[in-house]
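The values are calculated or read from the model by the stated rules, or taken from the named source; none is laboratory data. This structure is a prediction, so every number in the text was calculated from the model and none was measured. Cβ placement follows ideal geometry from the backbone for every residue including glycine, while neighbour counts extend to all protein chains displayed.
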Amino acid sequence: MSIKKEIVYQENIGDAEKYYGNYCASCHGKEVKEFVNRDKWVYGSTRNEMFDVVRNGAPEDGMPAYGEVISDKQVYELVDYILAAIEDKKSEEFNAGTNDDVIFVSEGMRLKLELVAENADSPWAITQSNDGTLFYTDKSGKLFAKQGDVIQEITGLPTVKYKGQGGMMDVILHPDFDNNKRIYLSYSKPKPDDYGYATTAVFSGVLENNAIKNGKDIFVAEPYLNTNHHYGCRMIFDKDGFLFVAIGERGRRDENPQNLGNDLGKIHRLNDDGTVPSDNPFYNTLNAKKSIYSYGHRNPQGLCYNPVTNKIYDNEHGPRGGDEVNLVEAGKNYGWPVITYGINYIGIIGFHLLLPVEWKS
């Protein structure tokens, strides 16, 4: 594949506020609020520590080296802008709560905020059983069940690698949960012999007395990598009882999503016990992973099923721009990174921008 690079934002783009808008806001927010009142800074909070990480990046966490596109002087100007903005924002009140009486009106629905629970630090996913019990995960590695006003923490969970975008992620229930009490969790699984490496795994077991019994991994995406982002992890069942699992490309765009020989950057189709259906599109393809249903995905973290039309849709993060909503069909290639409508975080276009007919979106 031939890749032509084009610098979109030149070094003379203007003041530090503009640098922040161009390079930082898409991940960290336009108003710098994400930097305020952090419990801890991963790479340090001093001027020189921030300069180092902005200039040189943190590839394992998906942060590029902005020293490739702006000068050292401009990096320091950017850091000073962030530090000054933090001081300004500290005077604002972020814990004022919400007005429960406000109705938010969108084109398709009316919404109202209602506090359901406040014991989670970083809630990630939520689902509900037929008896009204809410199950929700916390990224730190926890699962809670709320029935009425009572909240219980569920035990018997696997150990997660809680770093970057990783942790305890999706939770869904078996279609026959009322009878079999089987629950499914997706999470970032540390490599058994090296915690620095991780992958996305699906864990399943039977819920009994607020504990998961006989739990085990029924799917472990390969290979393990030392990056801490793009885990994917969404799961759904279709009306035939097949389990679909969305797996991100783990930040290795040129290695994984177009390679049918590994699990990353794919949506997988499994039986409810993790075995592979023999009618999967690549089941008989030489050297391909038999569980692959579709490929060419970046970081699919939305997955839904329409039981009326029997169609599956995913939405996935693009780089700056290029987010996608796709109709997911068997054997189709969704293009990443060969085509995209986004640009790299450092302002480089390194992809084709035309959509060949063989890609389905």
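Do we find that L207 is without any contact (Cβ under 8 Å) to a residue 40 or more places away in the chain and more than 14 Å from I267 (Cα to Cα) in this structure?
No, not satisfied.
Checking the conditions here, which among V220, V276 is aliphatic (A, V, I, L, M), without any contact (Cβ under 8 Å) to a residue 60 or more places away in the chain and closer than 25 Å to P307 by Cα? Walk me through it before giving the result.
Numbers: V220 fails: closer than 25 Å to P307 by Cα.
Testing whether each residue is aliphatic (A, V, I, L, M), without any contact (Cβ under 8 Å) to a residue 60 or more places away in the chain and closer than 25 Å to P307 by Cα leaves just V276.
Considering the stretch 321-337 alone, what residues qualify as being under 24 Å from C27 (Cα atoms) and surrounded by fewer than 17 Cβ atoms within 10 Å (Cβ to Cβ)?
G321, D323, V325 - these are the residues of the stretch 321-337 that are under 24 Å from C27 (Cα atoms) and surrounded by fewer than 17 Cβ atoms within 10 Å (Cβ to Cβ).
For the stretch 153-162, check the following and say yes or no: at least one residue is buried (at least 18 other Cβ atoms within 10 Å of the Cβ), assigned to a strand (DSSP E or B), charged (D, E, K, R) and assigned by TED's automatic domain parsing to the domain that holds N271.
no
Tell me yes or no: at least one residue of the stretch 216-224 is crowded, with 18+ Cβ neighbours inside 10 Å, over 16 Å from the mean Cα position of the chain (by Cα) and either modelled with pLDDT under 95 or farther than 23 Å from A58 by Cα (or both).
yes
Just to be sure I understand, how many residues within the stretch 240-273 are in contact (Cβ under 8 Å) with a residue 24 or more places away in the chain and either among the aromatic types (F, W, Y) or within 28 Å of V308 (Cβ to Cβ) (or both)?
15
Which one is surrounded by the fewest Cβ atoms within 10 Å (Cβ to Cβ), of the residues in the stretch 264-288 that are within 22 Å of the chain's Cα centre (by Cα) and either among the polar types (S, T, N, Q) or within 19 Å of E329 (Cβ to Cβ) (or both)? It would help to see each step written out before you state the result.
If we filter the stretch 264-288 for residues that are within 22 Å of the chain's Cα centre (by Cα), which is where we start, we get 264-270, 274.
Narrowing further to those that are either among the polar types (S, T, N, Q) or within 19 Å of E329 (Cβ to Cβ) (or both): 265-270.
Working: G265: 32, K266: 29, I267: 28, H268: 25, R269: 24, L270: 21.
Out of the qualifying residues, it is L270.
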